[in-house]
Amino acid sequence: MSDSEDGYLLDVDRATVCYRTSAGATVRALDEVSLRLHEGEGLALVGESGSGKSTLARAVMRLIDLDDGSIRFRGDDVPSLRGDALRRFRREAHLVFQDPAGSLNPRLSVRDLVSEPLRIHGAESHKAVSARVVRALEDVGLRAGFLDRYPGELSGGQRQRVALARAVVTDPRLLILDEPTSALDVSVQAEVLNLLIDLRKRRGLSCLLITHNLSIVPFLCERVAVLKCGRLVESGEVSAVFGSPVAEYTRNLLAAVPPAPLPDDRRIRG
């Protein structure tokens, strides 16, 4: 996989995704959306439910197909990747779903859940795999004692940590976070937000954050893109867009931001 000549890790150009309703009508879930993400940068996608945020994330990860436009990762056309090239892409870009309970196989132990991506991508010896799994757990604040537990034995916050360990164990360049704190109790949302800030800094991760909670955006991202009904309304530096929004839609979103638990300098370990 080649690095992009223009320096962008992710380049989405006029991405369009259409769905057909039961009545036979065609709806554009994404309508010519363009955005770019630099290496090591955080970009937030914000907007109301149905604005196209998760559709874009799934298109980037090849979980759904584009009807038009292009998506390039490190200069390579994502929709056309096949074989080894596609496996490399999926090692370097990971999607963390909103609900950890639904994304983790309840029949697998934490050890098996976190090591599975390494086995899929043909990692080294059993000893090397075990060491990387333990390191990934430590990075998300879980002790090695969690290795033999199952998702049903974990709290919501612990399950999200396992999902994050599973995502970072292959040393990816890009994490796509789909509402990473919204399924958690308020009491643990700030802990997980602290953890995500830590992971970005420690591993130098690029981040594509999908959220309707604008209050967490400045802590995780440098830039923000606002989506409405599948269209890009405005984008730019978080301080500029949030400080002086151009679109009335953005101003309305900001006016509706509820108070939220904020991260601090503590690094909470499980």
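Numerical summary
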read-out: Rounded to the nearest 20 debye, dipole of the range 8-255 from Cβ charges on Lys, Arg, Asp, Glu; value: 660
read-out: Ranked 201, 228, criterion: other C-beta atoms within 10 Å, fewest first; value: 201, 228
read-out: Area projected by the alpha carbon convex hull of the range 51-177, averaged over all directions, nm²; value: 8.6
read-out: Diffusion coefficient, µm² s⁻¹, Stokes-Einstein with Kirkwood Rh over alpha-carbon pairs of the range 36-75 at 4 °C and 1.567 mPa s; value: 111
read-out: Gyration tensor (Cα) of the range 161-232, equivalent ellipsoid semi-axes in angstrom; value: 20, 16, 11
read-out: Gaussian network model of the chain, Cα within-10 Å springs - most flexible of 256, 144, 57; value: 256
read-out: Gaussian network model of the chain, springs between alpha carbon atoms under 10 Å - residue of 188, 27, 133 with greatest fluctuation; value: 27
read-out: The range 1-69 versus the range 96-140: alpha-carbon centroid distance in Å; value: 27
read-out: Value in Å of the Kirkwood radius, where the range 210-257 supplies the Cα pairs that are averaged; value: 10.8
read-out: Unit charges at the beta carbon, dipole of the chain: most positive-side option, 218, 45, 157; value: 157
read-out: Fraction of antiparallel bridges per DSSP, the range 155-235 only, in percent to nearest 5; value: 45
read-out: Sequence-distant residues sharing a close amide H with residue 142 (under 5 Å, placed H); value: 270
read-out: Under the Karplus curve 6.51 cos²θ - 1.76 cosθ + 1.60, θ = phi - 60°, whole-Hz ³J(HN,Hα) for the range 239-248, x wherever Gly or Pro sits; value: 4, 6, 5, 6, x, 9, x, 7, 8, 4
read-out: Rounded to 5, the percent of DSSP beta bridges in the range 8-255 classed as antiparallel; value: 55
read-out: About the Cα centre, charge dipole magnitude for the range 198-240 (Lys/Arg +1, Asp/Glu -1 at Cβ), debye; value: 180
read-out: Area projected by the alpha carbon convex hull of the chain, averaged over all directions, nm²; value: 15.2
read-out: Sites residue 21 and residue 198 - FRET efficiency at Förster radius 30 Å, r taken between beta-carbons, to 0.05; value: 0.10
read-out: Table column - 3J(HN,Hα) (Hz), the range 127-144, Karplus curve with 6.51, -1.76, 1.60, x for Gly and Pro; value: 5, 5, 4, 4, 5, 5, 5, 4, 4, 5, 5, 4, 5, 9, x, 10, 7, 4
read-out: Dimensionless Rg/Rh of the range 1-107 - Kirkwood Rh, Rg from C-alpha atoms; value: 0.99
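Bear in mind that the values in this text are calculations on the coordinates, not laboratory data. The structure displayed is predicted, hence computed values, not measured ones. Please note: Cβ atoms are built from the backbone with ideal geometry, for glycine as well, and neighbour counts cover all protein chains shown.
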